[in-house]
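See below for the structure under consideration.
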Amino acid sequence: MKAPAPLSKGTSLLLGLAAAASTLTAPPAFAEARLPPIDRDPNRCERAYTGNTIGQANAVSDKILDLRQCNFTGKNLSGKVLSGALLKEATLPNSILRETVLTKAYAVGADFTGADMTNAVIDRVDFRKANLKDVIFANAVITGGQFEGANLEGALFDGALIGNEDAKRLCANPTLTKEGRADVGCRIK
Ligand SMILES: *[C@@H]1O[C@H](CO)[C@@H](O)[C@H](O)[C@H]1NC(C)=O
Ligand SMILES: *[C@@H]1O[C@H](CO)[C@@H](O)[C@H](O)[C@H]1NC(C)=O
């Protein structure tokens with residue numbers, strides 16, 4: 001793990017979450033084949049602005065936050081709790097996700113180009129095939145994530161708290177560029 005920035009109250013909460021998460025090696029919340037049909041609620045995308053309540057923080061709620069294919073281009077979802085959210089193929093370029101809790105989110109194929117995930121809790125998120133180009137992961141907590149096939153070009157991880165296995169997976173991704181590799185602490189190529 002990289003040394004965190006000087007601790008604020010929020011950061012120490014995140015550190016606690018990271019410690020809890022690092023002991024878990026849970027599989028992703030949803031295997032591809034087991035995804036439910038898309039929620040027919042016409043306001044399902046709007047539910048992101050409410051997010052999950054505290055009791056749902058570990059994605060144990062029976063009402064899934066179904067944000068698949070929703071368009072949050074440039075939207076501000078800072079501080080929202082999107083635990084267990086289905087974000088498959090969602091559109092989130094330039095969205096603001098500062099301090100957003102994405103525990104167990106399923107974000108396969110989602111487009112986060114240029115999103116600001118500063119201080120976000122990125123715990124067991126499935127980012128396979130996601131577009132993470134130019135995403136700012138500054139001071140984010142990243143544990144148990146999957147990054148296979150994700151585009152990490154220009155992504156920055158300044159001060160992020162990154163689990164060892166996550167760092168290995170990030171460094172193994174050929175798209176991670178020089179500055180990102182330095183932030184993550186990858187070996188020099
Ligand atoms: C998402 O919404 C933006 C405007 O907010 C629009 O420009 C863009 O085309 C939309 N993208 C998709 C995939 O619907
Ligand atoms: C985004 O939302 C947060 C929380 O509501 C707010 O504090 C922040 O100022 C907003 N940022 C922008 C750029 O609108």
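Spelling out what I want: for every residue of the stretch 146-152, take phi, set θ = phi - 60°, compute 6.51 cos²θ - 1.76 cosθ + 1.60 (Karplus), and round to whole Hz; glycine and proline get x.
The phi angles translate into 10, 10, 4, x, 7, 8, 10 Hz.
Express the accessible area of the stretch 44-184 per residue in Å², computed with a 1.4 Å probe while the remaining protein chains stay in the model.
Accessible surface, normalised per residue, equals 39 Å².
Could you compute the FRET efficiency for residue 182 and residue 71, with r as their C-beta to C-beta distance and R0 at 35 Å, rounded to 0.05?
In this case the efficiency is close to 0.60.
Which is farthest toward the positive dipole end of the stretch 47-152 among 64, 110, 125, measuring Cα position about the Cα centre, with Cβ charges +1 (Lys, Arg) and -1 (Asp, Glu)?
Checked the options; the winner is 64.
Please arrange 156, 161 by accessible surface area, largest first, computed with a 1.4 Å probe and ligands excluded.
The most accessible residue leads, giving 156, 161.
Going by a ≥ b ≥ c, the root eigenvalues of the Cα gyration tensor, does the stretch 44-184 fall in the rounded group (a/c under 1.5), the prolate group (a/b larger than b/c) or the oblate group?
Prolate, because a/c is 1.5 or more and a/b exceeds b/c.
The values are calculated or read from the model by the stated rules, or taken from the named source; none is laboratory data. Given the structure is predicted, the values throughout are model-derived calculations rather than measurements. Cβ: placed from backbone, ideal geometry, glycine included. Neighbour counts: every protein chain shown. Note: areas computed on protein heavy atoms with side chains; ligands, DNA, RNA excluded. Shrake-Rupley method; radii C 1.70, N 1.55, O 1.52, S 1.80 Å.
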